[in-house]
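Colleague: Shown below is the structure under consideration.
The values are calculated or read from the model by the stated rules, or taken from the named source; none is laboratory data. If you're wondering where the values come from, they're calculated on a predicted model, not measured in any experiment. For neighbour counting, all protein chains shown are included, and Cβ atoms are generated from backbone atoms with ideal geometry for every residue, glycine included. Heavy atoms of the whole protein, side chains included, go into the accessibility calculation; ligands, DNA and RNA do not. Shrake-Rupley method; radii C 1.70, N 1.55, O 1.52, S 1.80 Å.
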Amino acid sequence: MKTNLITKTKLNMKKVVTILALMLTSTLTFAQDAPAAAAPATEEPASKLAIGVDVVYPYLWRGFKLNANKVAFQPYLSYAFTDKLTVGVWGTTNLSNDIKSYNEFDWYASYQVSPVVKLMLSDYYYDTPLARGSYFNYDETSTQAIDFSVLLDFSEKGVPIDFQWNTLIAGNDFKYDSNDKKSRNFSSYTEIGYSQSIESAGINLRFFAGAVISNVNAYYLTDGFKFTNVGLNVSKEIKFSESFSLPVFVKYTYNDNGNLNKNWDGTVKSVVSGGMTFTIK
């Protein structure tokens, strides 16, 4: 009995070994015939340097028209030192010495505190035939100012709303009391925006409402609280080829404070502007 059991066990073991050998051979054959898995695609790292130029007509800043009715060329350059810290320079010019021309040179540094919150420090310097100032001069006669901004963008949280608060902390932004004594005004500008896309047409919409809180003698020349930048921005990227596309925009802006008209002999409250961006890098 014991001998039969051992014999059967040996026979069963041979069968198991034979079956395992066949399975292993089949597996190896399949592995050799199967195509090699494709290597995962590697994403190109985002460029830290951004260079380009905007061409706009006319140039509006927070609802204020800063160059009559002239085309403005606005080169920019920025560099991201980290995924949070970015510094850059920006300028605008009409390439003209006309009395209505406007030139500006700015630098800024921004820090991304969180996916929603960004802090920014900006230095504004402008030069026109009607107002010329020395660089690094921040007194009441200067044409230079420093702006501190808190920028909120909730799109990362699935809410297409952005908000900003900007306060001038240095430069030609003063108010005067009844004795003509000056003190810093800390003029502020606040804005809220709502963005929406028409995906079928490749069009992006942004509704915005911005207001100035200032003094009539200070930077913005408005008295108290006033809506200066209310309207709609419509943008689209026009694709010409796989390697070249041109972002363009058209914007309607209402400024309750008013802007000088074409001949500088009156004011208008509604302005339609437009422009395009040429990206170099």
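Colleague: Please go through (1) open to solvent by less than 30 Å² (accessible area, probe 1.4 Å); (2) part of a strand (DSSP E or B); (3) at pLDDT below 95; (4) not β-branched (Val, Ile, Thr) for residue 231 and return the number of the only condition it doesn't satisfy.
Modeller: Just one mismatch for residue 231, condition (3).
Colleague: Can you pull out the residues in region 215-228 that are part of a strand (DSSP E or B) and either among the acidic types (Asp, Glu) or surrounded by 15 or more Cβ atoms within 10 Å (Cβ to Cβ) (or both)? So that I can check it myself, show each step before the final result.
Modeller: Step one: list which residues in region 215-228 are part of a strand (DSSP E or B), which gives 224-228.
Result: 226, 227, 228.
Colleague: Same structure again: Would you check if residue 86 is among the β-branched types (Val, Ile, Thr), modelled with pLDDT of 95 or more, assigned to a loop (DSSP other than H, G, I, E, B) and under 26 Å from residue 156 (Cβ atoms)?
Modeller: Here the answer is no, as residue 86 does not meet what is asked.
Colleague: Out of the residues in region 114-152 that are of a type in the set (S, T, N, Q) and closer than 18 Å to residue 186 by Cβ, state the one that is surrounded by the fewest Cβ atoms within 10 Å (Cβ to Cβ).
Modeller: 149
Colleague: Among the strands (runs of 3 or more DSSP E) contained in region 170-214, which hold 1 or more residues that are at pLDDT 95 or above, loosely packed, with under 13 Cβ neighbours inside 10 Å and hydrophobic (A, V, I, L, M, F, W, C)?
Modeller: 188-198
Colleague: For region 79-86, state whether one or more residues are of a type in the set (A, V, I, L, M) and more than 24 Å from residue 136 (Cβ to Cβ).
Modeller: yes
Colleague: Looking only at region 76-98, which residues are closer than 30 Å to residue 113 by Cα, open to solvent by 40 Å² or more (accessible area, probe 1.4 Å) and touching a residue at least 24 places away in the same chain (Cβ under 8 Å)?
Modeller: Scanning region 76-98 gives 76, 77, 79, 81, 83, 84, 85.
Colleague: For region 234-269, which residues satisfy the criterion of being open to solvent by 90 Å² or more (accessible area, probe 1.4 Å), under 17 Å from residue 56 (Cα atoms) and part of a strand (DSSP E or B)?
Modeller: Across region 234-269, the qualifying residues are 237, 252.
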